[in-house]
Amino acid sequence: MDEINSLMHGFAVALTYQNLMFMFIGILLGVLIGVLPGLGGANGVAILLPLTFTMPPTSAIIMLSCIYWGALFGGAITSILFNIPGEPWSVATTFDGHPMAKNGRAGEALTAAFTSSFVGALIAVIMITFLAPLVAKFSLQFGPPEFFAVQLLTFCSFVGLGKGHPAKTIAAMMLGFALAAVGLDTVTGTLRMTFGTSELLRGFDFLIAVIGLFGIGEILLTMEEGLAFKGVHARINPRVVWQTWKQLPKYWLTALRGTLIGCWMGITPGGATPASFMSYGIAKRFSKDGEKFGTGQIEGVVAPETAAHAAGTSALLPMLTLGIPGSPTAAVLLGGLLIWGLQPGPLLFVEQKDFVWGLIASMYLGNIVGLIVVLTTVPWWAAILRVPFSIIAPIIVVVCAIGAYTVHNAMLDVALMLMFGVIGYLFKKLDYPLAPMVLALVLGDMAESSFRQSMLLSRGEVSIFWSNGLVGSICGLAMLMLFWPVITKLLHKLRSGNNDLNGQRPVE
Amino acid sequence: MHDNDHVTNGSQRGVSTKMVEIAVAAGILLLGLVVMIDSSRVGSSWADDGPQAGYFPFYVGLILCFASIWTLWRTLFFAKTGVVVFVSHEKLRLVLSVFIPSMIYVGAIYFIGIYVASALFIGAFMYWHGRFPWVKIVPVSLLVPVSVFLLFEIWFLVPLPKGPFEALIGY
């Protein structure tokens, strides 16, 4: 039970007066970010990252990860009370959460949402506690080809699991890689795609991209909808909480299913958003009251919330053990680690024990603090949303501009942020997925260097990627993921070809 | 809003989705070509000491071109018939009414610093979009930059762009 010992040690690291305070601040900021449209987990953490540069890394990551938990909790508040998903992963929560609120059961819906988020996250953290050291130990024997293979798998799963069209997923991903390649090539010292400007020497920082794509892009989209917040008033008192808690154990199977889907989608970078939809869909199919879904069923709140929170949490597992984030927010946290001089990956578990276990312990504590905070402060957050959008929108633009500037103290970055905002707006409307682009931008250099090192090892022979069982099977899995849309289509055709001669559905 | 209520969504005037789709895919194609050309400029083959600087990006550019051509081909030949509105003129006006002030704001930061620019930006936005009275505009638009100033310059010691006004008060 090595893990338990390490975890206890981690609690000792995390449970200082100062860290608890950072945890609390993080949760509050996170809920605020989750509630406000245009600010989300990824760009919220990106904007606040520069403020943590002066903190000790453990406190900094505790605060930043708590912002993330807070944002996960906060998304549910706006979905249920206002029918506006504060975060993409809480879209599925609106289906049953908002009808419940309109029927006067807002308190019940919120309690159910928060509690199931908490349960989903808790199970995911327990999984991280026991699985992460194993994965880290296993991946210690990885060489460059294996790392490239894992990265390949990451990106291929976006194509296979994403709901967008493969062409668009690939385009977004490659755009990220191309932007990551801009600037000084550290291996050969050559300038790439700078076209003679010294400003581009630095390359494109993914933090700027995240702030622009998710922040400015979201503001433009929200503006288009001409948002007027019409919400339901909510009050949560201990009696409602208690009564809801008494009902919840009935839905343990839904919660467990949601958590498992979430954990799977979080580790393979499917992400929290598809996980929540998938969990909702499956719960609807298997529930006794399936046809009543959408009219305000607690089960319809439990399913997406457990999945979203489990996915959000388990996205940190590959980030810590392999250095490959499972979600855009995990990618931003990874960027933070690099800035603090910590190299994520298997060695982190050997060299930075305090840091890793402090972080894992803070996940337990952060979620408990988060649950208490959101249960007690819901009316305040609802009040913030009643502030007119014409006040909130310019403030968010200002905050984004500050965040973009502080990354490198460069004015060009602020202009680039606006450009990324336009890209974000266009891409969102045309169904180009943003997550693969951000991940490619973060992992671009790493993927390239592991590819180059493998090529050096094999003297340019691509066959190194199936030279042994391990790397071969990872690559094989990656190819399976890449061609998954084609495979499912073929299977579908075969099956429907047997049943009826001409399919009624148009081929899409 | 009011004059459009009786018009169905499909016949609303606006930019067609097909056009935007083609424009974006063409832009990506162009970018892919730029990446490929620049990669072959720095060398995309194999040197004595290993792969050259353009080795990896060249293939990135190649796949980028491939993906955008795929999207172009799909849009041109397989898109649903009939015009789907990407964004109606009215909504486009709303979006631009946020984006153009933001551009001016970013430009203004360069000259007058982020604090004064932010105050003016928030004030102008509240005036044009929210039609707030001045008694509300002035406090909000002053409070935000002042608290940002305290947070960044005083507490966290992170310098932000400053202009003549800040120089006047000694920063």
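Mean projected area of the Cα convex hull of the protein assembly as shown, taken over all directions, amounts to 32.4 nm². Lys/Arg Cβ at +1, Asp/Glu Cβ at -1, dipole of chain A taken about the Cα centre: which of A:Ala440, A:Thr377, A:Met278 is farthest positive-ward? Checked the options; the winner is A:Met278.
Computed over region B:88-168, the quotient of the alpha carbon radius of gyration and 2.2 N^0.38 Å is 1.22. Put in order of Cβ neighbour count within 10 Å, fewest first, the listed residues B:Asp49, A:Asp431, A:Asp445, A:Asp413 become B:Asp49, A:Asp431, A:Asp445, A:Asp413.
Exposure proxy ranking for A:Ser450, B:Ser97, based on other Cβ atoms within 10 angstrom of each Cβ and starting from the fewest, stands as B:Ser97, A:Ser450. Region B:116-141 and region A:167-207 have Cα centres spaced 38 Å apart. Among the trypsin sites (Lys or Arg not before Pro) found in region A:236-335, those both in a DSSP coil and sparsely packed, with 12 or fewer other Cβ atoms within 10 Å of their Cβ, are A:Lys288. How high is the relative contact order of chain A, in percent, with contacts defined as C-alpha pairs under 8 Å that are six or more residues apart? Taking the mean separation of contacting Cα pairs over the length of chain A, I get 28 percent.
Counting, for every residue in A:380-388, the Cβ atoms of other protein chains within 10 Å of its Cβ and taking the mean gives 1. Given the options B:Met19, B:Gly43, B:Phe56, identify the residue whose Cα lies farthest towards the positive end of the charge dipole of chain B (+1 on Cβ of Lys, Arg; -1 on Cβ of Asp, Glu). Most positive-ward Cα: B:Met19.
The magnitude of the dipole of region A:164-316, with charges of +1 and -1 set on the Cβ of Lys/Arg and Asp/Glu and taken from the Cα centre, is near 780 debye.
Return the tail of the calculated pair distribution for region B:14-83, meaning the percent of Cα-Cα pairs more than 14 Å apart. Percent of Cα pairs beyond 14 Å in region B:14-83: 63. Sorted fewest first by neighbouring Cβ atoms within 10 angstrom, B:Ile37, A:Ile236, A:Ile80 come out as B:Ile37, A:Ile236, A:Ile80.
Only the coordinates and a few stated rules stand behind these numbers; no lab work does. Only a predicted model underlies this, so the values are computations on that prediction, with no experimental measurement involved. All Cβ positions, even for glycine, are placed from backbone atoms using ideal geometry, and neighbour counts span all protein chains on display.
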